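See structure below.
The values are calculated or read from the model by the stated rules, or taken from the named source; none is laboratory data. Please read these numbers as outputs of a predicted model, since none were measured by experiment. Neighbour counts are summed over all protein chains in view; Cβ atoms, including those assigned to glycine, are modelled from backbone coordinates with ideal geometry. These accessible areas exclude ligands, DNA and RNA; they are computed on the full protein's heavy atoms, side chains included. Shrake-Rupley method; radii C 1.70, N 1.55, O 1.52, S 1.80 Å.
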Amino acid sequence: MKQYDVVVVGGGIHGAGVLQAAAAAGHSTLLIERLGLASGTSSRSSKLIHGGLRYLESGQFALVRESLRERAIHLRIAAELVELKPFFIPVYRDTRRRPWQLKLGLWMYALLGGFDASTRFGAVPKREWPSLDGLKTQGLEAVIRYHDAQTDDALLTRAVVQSALSLGAELAMPASFTRATLTEDAVAVVYDQNGSSMECTARVLVNAAGPWAPHVGSAIQPAIPIPDVDLVQGAHIVLPFPVTAGIYYVESPTDGRAVFVMPWHGATLIGTTETPYRGEPDKVHPLPEEEEYLLAVARHYFPGFGHLTREHITQRFAGLRVLPAATQAAFDRSRETIFTADREPKPRVLGIYGGKLTGWRAAAAHVLERISVSLPARPRRAATDQLILRRPL
Ligand SMILES: Cc1cc2nc3c(=O)[nH]c(=O)nc-3n(C[C@H](O)[C@H](O)[C@H](O)COP(=O)(O)OP(=O)(O)OC[C@H]3O[C@@H](n4cnc5c(N)ncnc54)[C@H](O)[C@@H]3O)c2cc1C
């Protein structure tokens, strides 16, 4: 039976990141992915590598600082995949956040980002408003411009796995984790591949199965702690008319939530929503009312989109956020990643719940730190903040 230091379940951005970090630290490692790389949440995000400006309002300063640091690292190591873009926040007479509040927030954002060139911000002069993709100017008082980054989430995930494979990591795909049994110092892992039941052992099993993580965790014997989480659906739509100047960060005319209107492969991507989800993660799909909600944003801010209906939508997708269970609105809940170990100090299983696309590398580094006590010392092969990520072939 094959023995690995680390076996990872789930080929989303977190599984990819842990695979790469474990391989870079010199460990033998296997990734088990059921369908395809980034086939879950990691191809259905808003595709932003960002500090998360709005998290300042809920006081998540550590998260914003870490995310801005990760953004800077991405711009250096993944320049083929991550691009700094102008973001525009239009302020109308009835917009909730006033220009001075936004500027104060952006000043804090710049402070947490170390005041580097990418953190510059300011008002777009009125004479430049006509270049803003037909943005509604009636009642417009100011347009604030700052910068954040956009990527292709699925390509980024594949690039990280490609990097891990070049360091000697192995990939079983399509292959589905079915169960695991804990012994004193190891984990016996069973998975299905090509209709056969395969077995291997791991010193540590990392559960990076995204919204399926509670299900994967419950297939481990003896039972391990599984955090209490809620799934919250987020939908996006694509409209066949491009915005090109940058990414618009607007308030929904329906409920004031923040929504992004973004250039995407020559079209416009709009998202997202927050709808509590209780079904099977496999079955998530955009609801008609979510599509109407997002169309209302397009129609409200871009009079040129005024005629658009659901029939004009060329692409639609929904993903699931994994958030700590709570009664408050999803929008206000912590976006910090939850890590759970089966035991301390020598974990055999480590689960990753929630988190951000932006934070995958930092999350993977944290996982490696937590599980290193359970792993044999190996000669390090590389450092993940130095490994250049190439656009996958
Ligand atoms: C609507 C929305 C918008 C978002 N926008 C952003 C954003 O703009 N910027 C940002 O930083 N973050 C964003 N996020 C967060 C980010 O997308 C997620 O944190 C991240 O993609 C989660 O990745 P993951 O690897 O944990 O899970 P996933 O990508 O879901 O990966 C889990 C994988 O596990 C596999 N799997 C499941 N069960 C098994 C099994 N039994 N055996 C083998 N494999 C299995 C699945 O097939 C899947 O590929 C957004 C999230 C949502 C929902």
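For region 156-168, the criterion of being in contact (Cβ under 8 Å) with a residue 60 or more places away in the chain and not in a helix (DSSP H, G or I) is met by at least one residue. Take the conditions loosely packed, with under 14 Cβ neighbours inside 10 Å and either at pLDDT 95 or above or within 30 Å of H27 (Cβ to Cβ) (or both) and apply them to A154. Does it pass? No: the conditions fail for A154.
Within region 209-234, if we keep just the residues that are among the aliphatic types (A, V, I, L, M) and closer than 18 Å to V8 by Cβ, the residue that is surrounded by the fewest Cβ atoms within 10 Å (Cβ to Cβ) turns out to be A219.
Taking into account only those residues within region 238-294 that are of a type in the set (S, T, N, Q), within 14 Å of the ligand (Cβ to nearest atom) and open to solvent by 10 Å² or more (accessible area, probe 1.4 Å), which is farthest from S43 (Cα to Cα)? Looking at the filtered set, the residue picked out is T275.
For the residues A117, A72, A110, the requirement of being without any contact (Cβ under 8 Å) to a residue 12 or more places away in the chain, surrounded by 13 or more Cβ atoms within 10 Å (Cβ to Cβ) and more than 13 Å from the ligand (Cβ to nearest atom) singles out A110. It is to be established whether one or more residues within region 204-227 are farther than 20 Å from A21 by Cβ, touching a residue at least 60 places away in the same chain (Cβ under 8 Å), within 16 Å of the ligand (Cβ to nearest atom) and assigned to a strand (DSSP E or B). Yes, region 204-227 contains at least one residue that is farther than 20 Å from A21 by Cβ, touching a residue at least 60 places away in the same chain (Cβ under 8 Å), within 16 Å of the ligand (Cβ to nearest atom) and assigned to a strand (DSSP E or B).
Enumerate the pairs (first residue in region 362-388 and under 10 Å from H27 (Cβ atoms); second residue anywhere and open to solvent by 20 Å² or more (accessible area, probe 1.4 Å) and among the small types (G, A, S)) with beta-carbon separation below 8 Å, excluding pairs fewer than 6 apart on the same chain, so at least 6 apart or on different chains. Within 8 Å, the pairs are R381/G168. Condition test on R310, is it over 22 Å from I270 (Cα atoms) and either under 17 Å from the mean Cα position of the chain (by Cα) or not aliphatic (A, V, I, L, M) (or both)? So R310 fails the test.
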